[in-house]
Amino acid sequence: MEAHDTGTADRRPVVNIEGDLVALGPYCRDLIPRYQRWVSDFATLRTLGLPPRPMTLEQETAWYDGQTAAGEAGFTIYERATWRPVGNTGLHGIDHRNRTATFGILIGEVDARGKGYGTEAARLMLDYAFTALGLHSVMLTCYEFNRAGRRAYAKAGYKEFGRRRQCRWMGGRLWDEIYMDCLATEFESPVLGRIFVPDEPRASG
């Protein structure tokens, strides 16, 4: 698909999946300093499972090299209006035999939050999991205090199925860890269902 206008054509990155608000493309080595900045923000780490520790450029580069070497299904999230990278998302622990995976997402740019980008990225990743990879069950975990994340995941199609009670310390109290999942039978493809289809028969003659 071509860029929307010539002004953005030179800035358009390589992307694999396009929604209305965001597009998903491969991790990019040139973006490692930006990835490092995202995971060095303690406010961002607050809702992730990562400990609030300094992240060096060398550590982030090692993470990037490990992800690419392992062939993980990870993407950079781009804001379509500007083609600015705003976060990362991926499927982890993909089990093709049992058709399962675990979903993760990070919206790193503060001004990109609250705009529906996370919800759409989550839906595009479910589309990728079910339509492109043929998986059946994708799950995630989030913390009870992460109200914005829980709303976004529910809008994307995830449903709560269990909790680990009082296992996350935040703001002077313990909170539950919430388990959510989505099944392929509960999901309708928004994008890739138009791509992953067999060819139409050609007229003979």
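Building the convex hull from the alpha-carbon atoms of the chain and averaging its projection over directions returns 14.7 nm². Sorting 176-184, 38-46 by average packing, meaning the other beta carbons within 10 Å per residue, from highest down gives 176-184, 38-46. Multiplying the residue separation of A184 and D20 by 0.36 nm and subtracting their alpha-carbon distance yields 56.9 nm. In order along region 14-20, the Karplus-derived 3J(HN,Hα) couplings, from 6.51 cos²θ - 1.76 cosθ + 1.60 at θ = phi - 60°, round to 6, 10, 9, 9, 10, x, 7 Hz, and Gly and Pro are given as x. With neighbours defined as other Cβ atoms within 10 Å of a residue's Cβ, the residues S204, S189 order from fewest to most as S204, S189. In sequence order, region 110-120 has phi-based couplings of 4, 6, 9, 8, x, 10, x, 5, x, 4, 5 Hz under the Karplus curve 6.51 cos²θ - 1.76 cosθ + 1.60, θ = phi - 60°, and Gly or Pro positions carry x. Distance between the modelled labels on R84 and V110, one decimal in nanometres: 1.3 nm (7 Å Cα→Cβ projection). Label reach from A132 (point 7 Å along Cα→C-beta): in region 152-195, amide nitrogens under 14 Å belong to 190-195.
By the compact-protein rule of thumb, 2.2 N^0.38 Å, the alpha-carbon radius of gyration of region 1-121 corresponds to a ratio of 1.08.
Ordering 162-173, 113-124 by mean Cβ neighbour count within 10 Å, with the highest value first, yields 113-124, 162-173. Shown in residue order for region 168-174 are the 3J(HN,Hα) couplings computed by the Karplus curve 6.51 cos²θ - 1.76 cosθ + 1.60 at θ = phi - 60°: 10, 8, 7, x, x, 8, 9 Hz (x for Gly and Pro). Here's how it looks for R84: its modeled amide H is under 5 Å from those of E79, which are all 5 or more places away or on a different chain. Here the label points at T56 and R97, each 7 Å from Cα along the C-beta direction, are separated by 3.9 nm in the simple model. In deg cm²/dmol, rounded to 500, what helix-only [θ] at 222 nm does the chain give when every DSSP H run of at least 4 residues adds -39500 (n - 2.57) and the total is split over its residues? After summing the helix terms and dividing by the residues of the chain, the value is -7000 deg cm²/dmol. A crude spin-label estimate for the pair R194 and A43, with each label 7 Å from Cα along the Cβ direction, gives 3.7 nm. Seen from a random direction on average, the alpha-carbon convex hull of region 51-162 projects onto 8.3 square nanometres.
Computed from the coordinates by the stated procedures, all read-outs in this text should not be read as laboratory data. Not measured: the values here are computed from a predicted model. Please note: Cβ atoms are built from the backbone with ideal geometry, for glycine as well, and neighbour counts cover all protein chains shown.
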